[in-house]
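The values are calculated or read from the model by the stated rules, or taken from the named source; none is laboratory data. Keep in mind it's a predicted model, so treat the numbers as computed, not measured. Cβ sites come from the backbone with ideal geometry, for glycine too, and all protein chains shown count toward neighbours. Keep in mind that these areas ignore ligands, DNA and RNA; they rest on the heavy atoms of the full protein, side chains included. Shrake-Rupley method; radii C 1.70, N 1.55, O 1.52, S 1.80 Å.
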Amino acid sequence: MFEKLRAPWKKLIGPIAKGLVALGVTANMVTVAGAVGTTVFALLTGFTGWLFPGVVLMTIMVVFDSLDGSVAALTTGATAFGAFLDSSLDRIADWAVLLGAIIYLIRRPDFWTVWPQIGFWSSLVAMMTSFVTSYVRARAQSIGLDAKNGIATRSDRLVIILVGMGLTGLGLPVAVMALFLALLALLGLITVWQRLRTVYLQAREAGLTKHM
């Protein structure tokens, strides 16, 4: 959904990327720092329960992490290892954000009531779909196919969970966060199905579904 904003976003963060390059910061350094920062703040958010400050800090780290491509373009250019590192660490960051939400919900005194339970189980489903979405794309590429489509890309998923956590952090009921997590889980399931279907259609067209 937010993929259409990628080009204008790149232009917006261009000056920041140039400043990082001037300081000698590399794309891989940005990737590692963004992932580590997001992971640390996500877990701290879950344990402290300070949702809104945590969301602000995680958003800053996510924005920082998005600079790696621009920094790479201004220096060595995109490399195979850089793309591999970015994709790998993104999985850790995604896991940490959802784990932070789960820890927060578990630590609530009303955890066994309806809405925290909905949020908890939705987070587990969303965590699964996040990994499967990425795996389907990587596995498809390994057999010469493409699966980048889907209703919810990584940026979409991050916006949904951070907005949901942030609103609850501002004082709205935990039901709001739970509903956003449920939406995240639903869109994740749809995205997995869309990518699996895309790969199947491509494989059938290429004759890769025979004798399997």
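If one computes the Cα centroid of segment 123-183 and of segment 28-94, what distance in Å separates the two points?
For segment 123-183 versus segment 28-94, the Cα centre distance is 16 Å.
Using the Cα centre of segment 1-132 as the reference point, and only Cβ charges (+1 on K/R, -1 on D/E), how large is the resulting charge dipole? Debye, rounded to the nearest 20.
With only Lys, Arg, Asp and Glu charged at Cβ, the dipole is about 240 debye.
In whole percent, how big is the carbon plus sulfur part of the accessible area of the chain, probe 1.4 Å, protein atoms only?
73
Could you report the accessible area of Asp65 in Å², rounded to 10, computed with a 1.4 Å probe on the protein chains as they sit in the structure?
20
Select from segment 107-193 those chymotrypsin sites (Phe, Trp or Tyr not before Pro) which occupy a DSSP coil region and have at most 13 other Cβ atoms within 10 Å, ordered by residue number. Mind dumping the intermediate values first?
Details: sites: Phe111, Trp112, Phe120, Trp121, Phe131, Tyr135, Phe180, Trp193; in loops: Phe111, Trp112.
Loop-located and lightly packed - Trp112.
Just to check I understand the Karplus step: with θ = phi - 60° and J = 6.51 cos²θ - 1.76 cosθ + 1.60, what whole-Hz values come out for segment 177-190, glycine and proline as x?
4, 4, 5, 5, 5, 5, 4, 4, 5, 4, 5, x, 5, 5
Which value in deg cm²/dmol, rounded to the nearest 500, describes the helix-derived mean residue ellipticity at 222 nm for the chain, given -39,500 (n - 2.57) per DSSP H run of n ≥ 4 and division by the residue count?
Details: 8 runs with 165 residues, N = 212.
Calculated at 222 nm, the ellipticity per residue is -27000 deg cm²/dmol.
Ordered by residue, what ³J(HN,Hα) values in Hz, to whole numbers, does segment 198-208 give under the Karplus form 6.51 cos²θ - 1.76 cosθ + 1.60, where θ = phi - 60° and Gly and Pro are x?
3J(HN,Hα) across segment 198-208, in whole Hz: 4, 5, 4, 5, 5, 5, 5, 5, 8, x, 8.
Could you order Leu170, Leu189, Leu201 so the one with the most accessible surface comes first? Probe is 1.4 Å.
Values: Leu170 115, Leu189 85, Leu201 60 Å².
The most accessible residue leads, giving Leu170, Leu189, Leu201.
Cα atoms only, segment 100-212: Rg and Dmax in Å?
In Å, with Rg to one decimal and Dmax whole: 17.1, 57.
As a test question: what accessible area, to the nearest 10 Å², does Ile160 have when a 1.4 Å probe is rolled over all protein chains in place?
Approximately 20 Å² for this residue.
Please work out the average accessible area per residue across the chain, using the 1.4 Å probe convention, and give it in Å².
With the other protein chains kept in place, the chain gives 54 Å² per residue.
For the chain, with the dipole built from +1 on Lys and Arg beta-carbon atoms and -1 on Asp and Glu ones, taken about the Cα centre, which of Leu105, Leu44, Leu162 lies farthest toward the positive end?
Leu162
Where does segment 161-212 land on Rg(C-alpha)/(2.2 N^0.38 Å)?
1.86
Can you give me the orientation-averaged projected area of the convex hull built on the Cα atoms of segment 3-206, in nm²?
11.8
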